[in-house]
Amino acid sequence: MAKPKAPRRTLDSYTVKHINKTVRAGDCVLMRPSDQAKPSYVAKIERIEADGRGANVKVYVRWYYRPEESIGGRRQFHGSKEVFLSDHFDLQSADTIEGKCTVHSFKSYTKLDAVGNDDFFCRFEYNSSTGSFNPDRVAVYCKCEMPYNPDDLMVQCEGCSDWFHPNCINMTVEEAKRLDHFFCENCSSESQKKLQNSHNASRHPDTKVDTKRRRR
C-alpha cells in the first residue's frame, strides 16, 4: 500500500540560492522561459509552498503578459517595459526564478528618474481567454488620439494643457527639446484672435477697460 503524500506547507519566504535572493508572497520576479531565445517571464508570487521536509519548493504565481503575448499584440502606445496583469496562474519550481523585479503603477513609472532593467509598469489587467482589458478605456492625447507611451517624447501646450508628439505637429524631437514655450495650433489661433480684438478695442477711445479685473 502506497504511503499517502505528506501535506505541503506554506512558507513565509524562500531564499533562491543561485541568485542569493529571498522572495516572499507579493514579490514580482523574473522567471526562466522554456525557450531561451525569449525574454524572462514576469510574474507575481501569490504563495510559496514546500513538502513536509521543506524541500521541493514551488511558487504559485500570477503571470504578467507582455503586449506581444496578448491576443491583440503590441500596439504603438505600448511602452517597451509595459506588462499586463493576467488571470493566468501556475505552480512553478522556485528554481526557475532568475531574479526579482519591480512592476510599478503607470503613474509611479512615469515619475522614475531612471528606468532600470528590472523596472516594469502595468496599467491594464488582461483576460487571457477573451483578450479583453480592464480598464477598457484610457485617456488619449495629441492629434492622433493615442494613449500615452512613456517611451515617447511629448510637449504640452500652455493653453489647453494637452500633450502632443513632435512629429504630429511637424516638429523634430531635437526642436521639441529646445522649446521654452509651446502653444498648439488651436490655442495659437485663439491667442491671435484675442490679440486682434484687443487691437480693435484700443482704436475706440470710448471703450472702458477695468484694470482691476484679473483673469482667473
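The values are calculated or read from the model by the stated rules, or taken from the named source; none is laboratory data. On a predicted model such as this, the values are computed, not experimentally measured, just so you know. Here the Cβ positions follow ideal geometry from the backbone for every residue, glycine too, while neighbour counts run over all protein chains shown. Ligands, DNA and RNA are stripped out before the accessible areas are found, and what is left, the full protein with its side chains, is counted by its heavy atoms. Shrake-Rupley method; radii C 1.70, N 1.55, O 1.52, S 1.80 Å.
A few notes on this one:
- Between residue 101 and 28, 29, 30, the built amide H atoms are under 5 Å apart, and every one of these is 5 or more places off in sequence or on another chain.
- Magnitude of the charge dipole, region 1-154, Cβ model with Lys/Arg +1 and Asp/Glu -1, debye to 20: 560
- Cα pair distances exceeding 21 angstrom across region 88-151, given as percent: 45
- Farthest towards the positive end of the charge dipole of region 115-188, among the residues 159, 115, 133, is the Cα of 133, using unit charges on the Cβ of Lys, Arg, Asp and Glu.
- For the pair region 99-161 and region 26-81, the centres of their Cα atoms are 20 angstrom apart.
- Computed with a 1.4 Å probe over protein heavy atoms only, the accessible area of residue 144 comes to about 50 Å².
- Pairs of Cα atoms farther than 23 Å apart, region 1-142, %: 41
- In plain terms, the bigger the Kirkwood radius, the slower the diffusion; for region 68-176, with that radius from Cα pairs, at 20 °C and 1.002 mPa s, Stokes-Einstein puts D at 133 µm²/s.
- 3J(HN,Hα) couplings calculated from phi for region 176-188 with the Karplus curve 6.51 cos²θ - 1.76 cosθ + 1.60 (θ = phi - 60°) are, in sequence order, 5, 5, 8, 5, 9, 9, 8, 10, 5, 4, 5, 6, 5 Hz; Gly and Pro show x.
- As a calculated quantity, the FRET efficiency between residue 108 and residue 53 at R0 = 45 Å, using C-beta atoms, amounts to about 0.65.
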